[in-house]
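The values are calculated or read from the model by the stated rules, or taken from the named source; none is laboratory data. What you are looking at is a predicted structure, and each value in this text was computed from that prediction instead of being measured. We place every Cβ from the backbone using ideal geometry, glycine too, and count neighbours over all the protein chains shown.
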Amino acid sequence: MSQVDIQDDKQELIVEAALKRFAHYGPSKTTMNEIADDLHLSKALLYYYFPDKASLFKAVVDRILNNYFEEIECEANHAKSIEKTLLTLIDVRHDFFMKYYNMGLNRNIIDCTEGSLDEIIYNAIKRETIFMKKLLTKANDKGEMQIENPLEAAELYMDVMAGVRFSILTPNTRSAILDEDTAKVINRKQKQITELFIRAYRSIN
């Protein structure tokens, strides 16, 4: 095994350990010392790979998002219709949001990372929108839907899905805390809107 492979393996182990702690306790309540102790590493070695918690947090978010996109692409490849695909993706998104809610992916909760996730989140939204455009284009080609501008429709759909989530979770509105009941409300409303979206663009042929 080359030195590069060894370094990559070490980084993977650190990211995995950090993910577990961040997901359970939240990034703001996790220290670099605790992550080093979990892996029986020296602080110096941990900081060699990740100079601060902000850089480690970004690496963890990258890992989560890559896992998310792998799963939605897999689900989309196995679904038999655009309706089934979109409804299944809502469930996948729901599961990821619940699993990693303590990570604070809907807000920057570590002082040192404020603003540092903007590019990652922006790229993730862009990536998911392009993925959605491909799904809608495929539905067009199969005659399931009639959409003149799939990219515009994908952007609209993603905006509405995010709007449902944030309208419920935004502080000083209905609920700022994601519990199981609140998550079910979000899930149900997103599926209702998805049904309307599909109906609006469904092919009449």
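Criterion applied to A79, A54 was being at pLDDT below 95, hydrophobic (A, V, I, L, M, F, W, C), in contact with a Ser or Thr (Cβ under 8 Å, 6 or more places away or on another chain) and under 30 Å from A154 (Cα atoms), and the one residue passing it is A79.
Considering (1) surrounded by 15 or more Cβ atoms within 10 Å (Cβ to Cβ); (2) more than 24 Å from D179 (Cα to Cα); (3) of a type in the set (D, E, K, R), the lone condition that E16 does not fulfil carries the number (1).
Within segment 163-181, the set of residues being outside any loop (DSSP other than H, G, I, E, B) and either at pLDDT below 90 or touching a Gly at 6+ places or on another chain (Cβ under 6 Å) (or both) comprises R165, F166, S167, I168, L169, E180, D181.
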